[in-house]
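Engineer: My questions all concern the structure below.
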């Protein structure tokens, strides 16, 4: 049975778009839209809208529909405030009230401040398999693409005022003369201008309160004329023929921008507003210290991808309904999230039974939508055409990376090859996971989770330096462990018989197993606790173990 015949929210939304926008199913092209103002770091909360649209786009394509996925950079918006995490604060302050696209890049990497943030996002999205068509609103306004839309707003100025006031109480209704447009001054570039009149055709008179410049601008050729947000949004829906666009909960509040835009779109631009849904906020938990120190509570996609593989990043959203608030964790919860994904993967590949057929289809669909690779036509790659997984838990991988002193290639080499290790085709995914494991251990994991294997000959001196003393019976037990278990560690093909042998050593030495474990961890990593001992010992090179414990 096709896993796409599920109640996944992306498929449900795709069906609604087809039903509402093309009841006969004959629409040639569906346009799905997203966008943001690049006024600062485009954080992971903003990414929720991008990937929500991408998942719906995939669902539409899976239904055989042709889709245009547009992402608008609203880089002709006003630069209103300098974010606290930006460099060169004083320099940026000089460009307040300019269009964002005219603010210089404080890092001196890109053509503008806006372009810097755009490039950061545009370079990260392909990593998670998202390929929208980017639209740059500064270029579109400056090339007068929207001249007719601007004139239409001016022609319906009174109607627009009534629509906006419909959702406002008396205290917040528009007072005095109001215009649906603003102008960036042709002399000083600031938006501190006032409209003086409109000739009923293409001429718009204004003056600048900042520099005193005044002129009559021709809407068809003057680049500085721009529609206000609540007019601009629905105007572009009609211009681009948008069928679907989600929005955050603040836009979807009663009387909010989506309500007014819906009326503007139909009453002024004669276009039905797109199908939509509300997406909720994202919280952060256990943010790495280096990020918190510079950005407070702001985390972007590249930072998330240091801890989560691209598939895991997609899974966080594909497995959660958009209107559900959830938290992206960087603390020990990371291990649980990887475990949840691994379970979904096992169910999808039928390596673990699902409780029923519906659960299987649901988990398989989430897994398919979580994958980065798509088919050449943009549809979701079916499971049968994917590379089967080689599963290794994130927790265990973190141990292996630390055993390998942070060397990812050494970690992968230790896994060996078929039949018990990964195939060459499975290595890239494992390498990505190992890189995430290394970053998480080094930057996010609690101290008790981290360790370093002692070097050969370091055991005695290191333990003395750490003021750790082994009782005589513990040292004797460690020697037994070394000579009777570690000396034949390769004979244990599973953890359970190895663990039984370790308990046997404790019994033979006449000490509590807990005391033997503590002694072993102290000898190996200088801590009282560590990874599960049987698995830990089996993961370390035998000669390395013998060298570390040789001086006991």
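The values are calculated or read from the model by the stated rules, or taken from the named source; none is laboratory data. Here the structure is a predicted model, which means the values were calculated and not measured. So basically every Cβ, Gly included, is an ideal-geometry build from the backbone, and we count neighbours across all protein chains shown.
Engineer: Out of everything in segment 369-384 that is at pLDDT below 95 and either surrounded by fewer than 12 Cβ atoms within 10 Å (Cβ to Cβ) or assigned to a helix (DSSP H, G or I) (or both), what residue ends up being farthest from the chain's Cα centre (by Cα)?
Structural biologist: For segment 369-384, the residue satisfying everything is 384.
Engineer: Against the conditions (1) surrounded by fewer than 20 Cβ atoms within 10 Å (Cβ to Cβ); (2) touching a helix residue (DSSP H, G or I) at 6+ places or on another chain (Cβ under 8 Å); (3) modelled with pLDDT of 95 or more; (4) assigned to a helix (DSSP H, G or I), where does residue 270 fall short? Just the number, please.
Structural biologist: Among (1) surrounded by fewer than 20 Cβ atoms within 10 Å (Cβ to Cβ); (2) touching a helix residue (DSSP H, G or I) at 6+ places or on another chain (Cβ under 8 Å); (3) modelled with pLDDT of 95 or more; (4) assigned to a helix (DSSP H, G or I), residue 270 violates only (4).
Engineer: Another question about this same structure. Would you confirm whether any residue within segment 234-241 is at pLDDT 95 or above, part of a strand (DSSP E or B) and surrounded by 23 or more Cβ atoms within 10 Å (Cβ to Cβ)?
Structural biologist: The answer is no; no qualifying residue exists.
Engineer: Residue 43 passes all but one of (1) within 18 Å of the chain's Cα centre (by Cα); (2) at pLDDT 95 or above; which number fails?
Structural biologist: That leaves (2) as the condition not met.
Engineer: Here's something else I'd like to know. Does segment 519-534 hold any residues that are surrounded by 18 or more Cβ atoms within 10 Å (Cβ to Cβ) and touching a helix residue (DSSP H, G or I) at 6+ places or on another chain (Cβ under 8 Å), and which are they?
Structural biologist: 519, 520, 521, 522, 523, 524, 526, 530, 531, 533, 534
Engineer: If only one of 258, 244 is more than 16 Å from the chain's Cα centre (by Cα), buried (at least 22 other Cβ atoms within 10 Å of the Cβ), over 30 Å from residue 189 (Cβ atoms) and modelled with pLDDT under 95, which one is it?
Structural biologist: Of 258, 244, the one residue that is more than 16 Å from the chain's Cα centre (by Cα), buried (at least 22 other Cβ atoms within 10 Å of the Cβ), over 30 Å from residue 189 (Cβ atoms) and modelled with pLDDT under 95 is 258.
Engineer: Can you tell me which of 139, 122, 91 is surrounded by fewer than 18 Cβ atoms within 10 Å (Cβ to Cβ) and farther than 30 Å from residue 378 by Cα?
Structural biologist: Every option except 91 fails the conditions.
Engineer: Further question: Looking at residue 354, is it over 21 Å from residue 128 (Cα atoms), out of contact with any helix residue (DSSP H, G or I) (no Cβ under 9 Å at 6 or more places or on another chain) and either surrounded by 13 or more Cβ atoms within 10 Å (Cβ to Cβ) or at pLDDT below 95 (or both)?
Structural biologist: no
Engineer: Against the conditions (1) under 23 Å from residue 193 (Cα atoms); (2) without any contact (Cβ under 8 Å) to a residue 12 or more places away in the chain, where does residue 123 fall short? Just the number, please.
Structural biologist: The failed condition is (1).
Engineer: What are the residues in segment 52-78 that are in a loop (DSSP other than H, G, I, E, B) and either surrounded by 23 or more Cβ atoms within 10 Å (Cβ to Cβ) or outside the structural domain of residue 112 (by TED's automatic domain parsing) (or both), if any?
Structural biologist: Passing the criteria: 75, 76.
Engineer: Consider residue 249 against the criteria (1) touching a helix residue (DSSP H, G or I) at 6+ places or on another chain (Cβ under 8 Å); (2) under 20 Å from residue 322 (Cβ atoms): it satisfies all of them except one. Which criterion is unmet?
Structural biologist: Among (1) touching a helix residue (DSSP H, G or I) at 6+ places or on another chain (Cβ under 8 Å); (2) under 20 Å from residue 322 (Cβ atoms), residue 249 violates only (1).
Engineer: Suppose the filter is at pLDDT below 95, assigned to a helix (DSSP H, G or I) and surrounded by fewer than 18 Cβ atoms within 10 Å (Cβ to Cβ); does residue 416 pass it?
Structural biologist: So residue 416 does not fit the description; no.
Engineer: Is there a residue being closer than 26 Å to residue 51 by Cβ and either touching a strand residue (DSSP E or B) at 6+ places or on another chain (Cβ under 6 Å) or not in a strand (DSSP E or B) (or both) anywhere in segment 220-229?
Structural biologist: yes
Engineer: Restricting to segment 349-368, count the residues that are more than 21 Å from residue 316 (Cα to Cα) and assigned to a helix (DSSP H, G or I).
Structural biologist: Residues flagged as more than 21 Å from residue 316 (Cα to Cα) and assigned to a helix (DSSP H, G or I) within segment 349-368 amount to 1.
Residues are listed down the side, and each one gets a yes or a no for (1) out of contact with any helix residue (DSSP H, G or I) (no Cβ under 7 Å at 6 or more places or on another chain); (2) surrounded by fewer than 18 Cβ atoms within 10 Å (Cβ to Cβ); (3) under 21 Å from residue 102 (Cβ atoms); (4) not assigned by TED's automatic domain parsing to the domain that holds residue 269:
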| position | (1), (2), (3), (4) |
| --- | --- |
| 168 | yes, yes, no, yes |
| 171 | yes, yes, no, yes |
| 178 | no, yes, no, yes |
| 184 | yes, no, yes, yes |
| 190 | yes, no, yes, yes |
| 194 | yes, yes, yes, yes |
| 203 | yes, yes, no, yes |
| 209 | yes, yes, yes, yes |
| 216 | yes, yes, no, yes |
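Engineer: Take segment 147-164 and flag every residue that is modelled with pLDDT under 95 and surrounded by 18 or more Cβ atoms within 10 Å (Cβ to Cβ).
Structural biologist: 163, 164 - these are the residues of segment 147-164 that are modelled with pLDDT under 95 and surrounded by 18 or more Cβ atoms within 10 Å (Cβ to Cβ).
Engineer: Is segment 137-158 home to any residue that is under 23 Å from residue 302 (Cα atoms), assigned to a loop (DSSP other than H, G, I, E, B) and out of contact with any strand residue (DSSP E or B) (no Cβ under 9 Å at 6 or more places or on another chain)?
Structural biologist: Checking segment 137-158: not a single residue is under 23 Å from residue 302 (Cα atoms), assigned to a loop (DSSP other than H, G, I, E, B) and out of contact with any strand residue (DSSP E or B) (no Cβ under 9 Å at 6 or more places or on another chain).
Engineer: Shifting gears a bit: For residue 61, state whether it is within 14 Å of residue 40 (Cα to Cα) and out of contact with any helix residue (DSSP H, G or I) (no Cβ under 7 Å at 6 or more places or on another chain).
Structural biologist: Spelling it out, it is not the case that residue 61 is within 14 Å of residue 40 (Cα to Cα) and out of contact with any helix residue (DSSP H, G or I) (no Cβ under 7 Å at 6 or more places or on another chain).
Engineer: So how many residues does segment 519-552 have that are within 20 Å of residue 400 (Cα to Cα), free of Cβ contacts under 8 Å to residues at least 60 places away in the same chain and assigned to a helix (DSSP H, G or I)?
Structural biologist: Within segment 519-552, residues that are within 20 Å of residue 400 (Cα to Cα), free of Cβ contacts under 8 Å to residues at least 60 places away in the same chain and assigned to a helix (DSSP H, G or I) number 9.
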